[in-house]
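S.K.: Let me give you the structure first, and then I'll get to my questions.
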Amino acid sequence: MTNIATLFDSIKDSMEKTTGQSNRGQFLRTEVGNTYTVRLIPNVKDPAKTFFHYYTHGWTSFATGQYINQISPNTWGERDPIAEARYRLSKTGSEEEKSKAAAIMRRENWMVNVYVVNDPVNPDNNGTIKLLRFGRQLHKIIMDAMQGEEAEDFGPRIFDVANGCDFRVKVEKQGDYPTYVSSKFGLPKTLNTEYQGGVEAIHNDAHDLESVFTV
């Protein structure tokens, strides 16, 4: 039997310390105008690795017009050639080079395993384990539930797959970009899952977050 309270303490400690290529099919894809219901899956073997904290660079290729998203080596504590080049060009480059450097956006991201309760766009995902990638908006909501104003109501319950809280990820549009500020956790309730092997299997089948991306 998993001790949710002990797991929660380890997960919270890890989140407090942390302010390539991948298989796209592993990820839960979210679209504007929909609400996705999931449950956060803790890493029961190593709670500090429940979340994967990483950085990315994104820009539209001036050559092909395609959007490029590259994980930053800073994620692993290594030098980041893109960040270094961006900084150098922004300081000493021509006006054209400065404009191109400004178009490269550096973002802070997190990733967590989730059990999909309801995917309104792709119902085949229901009852499966996916990876949820998120930025600062969802990070704030999760942190508030863990140790902020809502911690008393939620806290360890957000990692209790069987009897905890649904996380409703609501995707809206603000200007030209999606916004997740209306996302929230629901009240605790029992999850009736038909996942083979039950909750223990869900824990065991969760993806190894540190192997999702390759340098």
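Throughout, read-outs are computed from the coordinates displayed, never taken from laboratory work. As the structure is a prediction and not an experimental result, all values here were calculated from the model. All Cβ positions, even for glycine, are placed from backbone atoms using ideal geometry, and neighbour counts span all protein chains on display.
S.K.: Taking TYR115 as the residue in question, decide whether it is surrounded by 14 or more Cβ atoms within 10 Å (Cβ to Cβ) and of a type outside the set (Val, Ile, Thr). It would help to see each step written out before you state the result.
M.R.: Values: surrounded by 14 or more Cβ atoms within 10 Å (Cβ to Cβ): yes; of a type outside the set (Val, Ile, Thr): yes.
So TYR115 passes the test.
S.K.: For segment 43-74, which residues satisfy the criterion of being more than 21 Å from ASP208 (Cβ to Cβ), assigned to a loop (DSSP other than H, G, I, E, B) and of a type in the set (A, V, I, L, M)?
M.R.: Scanning segment 43-74 gives a single hit, ALA63.
S.K.: Restricting the search to segment 171-203, which residues are surrounded by 15 or more Cβ atoms within 10 Å (Cβ to Cβ), among the hydrophobic types (A, V, I, L, M, F, W, C) and closer than 23 Å to LYS45 by Cα?
M.R.: Listed by number, the residues that qualify are LEU191, VAL199, ILE202.
S.K.: Anything in segment 75-104 that is of a type in the set (Lys, Arg) and outside any loop (DSSP other than H, G, I, E, B)? List them, or say none.
M.R.: Correct list: ARG86, ARG88, LYS91, LYS98, LYS100.
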